1. Taking the Cα centre of the chain as origin and charging only Cβ (+1 Lys, Arg; -1 Asp, Glu), how large is the dipole, in debye to the nearest 20?
2. In deg cm²/dmol and to the nearest 500, what is the mean residue ellipticity at 222 nm of the chain if only DSSP H runs of at least 4 residues count, each as -39500 (n - 2.57), divided by the residue total?
3. Take every Cα pair under 8 Å in the chain that's 6+ residues apart, average their separations, divide by the length, and report that relative contact order as a whole percent.
4. From the square roots a ≥ b ≥ c of the eigenvalues of the alpha-carbon gyration tensor of segment 78-130, which class results: rounded (a/c under 1.5), prolate (a/b over b/c), or oblate?
5. Can you work out the accessible area per residue across the chain, with the rest of the protein chains kept in place, probe 1.4 Å, in square angstrom?
6. Quick one: grab Rg to one decimal and Dmax as a whole number for segment 1-124, Cα atoms only, in Å.
7. Taking 8 Å as the Cα distance limit and 6 or more residues as the minimum spacing, I'd like the relative contact order of segment 23-101 as a percentage.
8. When only Cα pairs under 8 Å and 6 or more residues apart are kept, what is the percent relative contact order across segment 88-154?
Amino acid sequence: MLELTLNQVTKKYKDLCAVDHVEAVFTHGVYGLLGANGAGKTTTMKTILGLEKADAGELYIMQEPVVFGNTRTNRYIGYVSDVPEFYGFMTAWEYLQLCAEISGLAAQKVKTRIDELLQLVGLSETGKKRCATFSRGMKQRLAIAQGLLNEPKL
């Protein structure tokens, strides 16, 4: 079952409670976290990704516990940041190739998958343009390609 479960997840920074006993189950779909600045959206995502340690509660992805610093469950997730950053000296193709290597994408799938994603997001014609020259929209499209690279379940 495709599932992300947050059970009473809490995250505090000193006296500030950034995430307060969040309960949620996400299955089959595309979700966005909406809220005012400081509402805990980024902290929630960092906790889901194992980049922040929850002070209380439990998180499960595909029934596997999310463990701080252990990003094993990230193989299921496609994440796109609101302000993506890239290595400016790389082309979109080179960047996705690096991400493919990091994520363990099978070597025989890399070229086909990258070409397919660059076509999907409208960046197949960027050729040798470096990411540093990309407009904000182009960077967002590259971020979407990166988020889909490992064929995530969530």
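1. Numbers: 18 positive and 16 negative charges, 100 e Å.
For this selection, approximately 480 debye.
2. Values: 4 runs with 47 residues, N = 154.
The per-residue figure over the chain is -9500 deg cm²/dmol.
3. Relative contact order, the chain: 24 percent.
4. Values: a/c = 1.41, a/b = 1.15, b/c = 1.23.
The shape class here is rounded.
5. Details: 9550 Å² over 154 residues.
Per-residue accessible area for the chain comes out at 62 Å².
6. Cα only, segment 1-124: 16.7, 50 Å (Rg, Dmax).
7. That works out to 17 percent.
8. On the way: 57 pairs, mean separation 32.2, N = 67.
Normalised by residue count, the contact order of segment 88-154 is 48 percent.
The values are calculated or read from the model by the stated rules, or taken from the named source; none is laboratory data. Keep in mind the model is a prediction, meaning the values are calculated, not measured. Because the Cβ atoms are built from the backbone with ideal geometry, glycine has one as well, and the counts that use them run over all protein chains shown. Heads up: the accessible areas ignore ligands, DNA and RNA and are worked out on the full protein's heavy atoms, side chains in. Shrake-Rupley method; radii C 1.70, N 1.55, O 1.52, S 1.80 Å.
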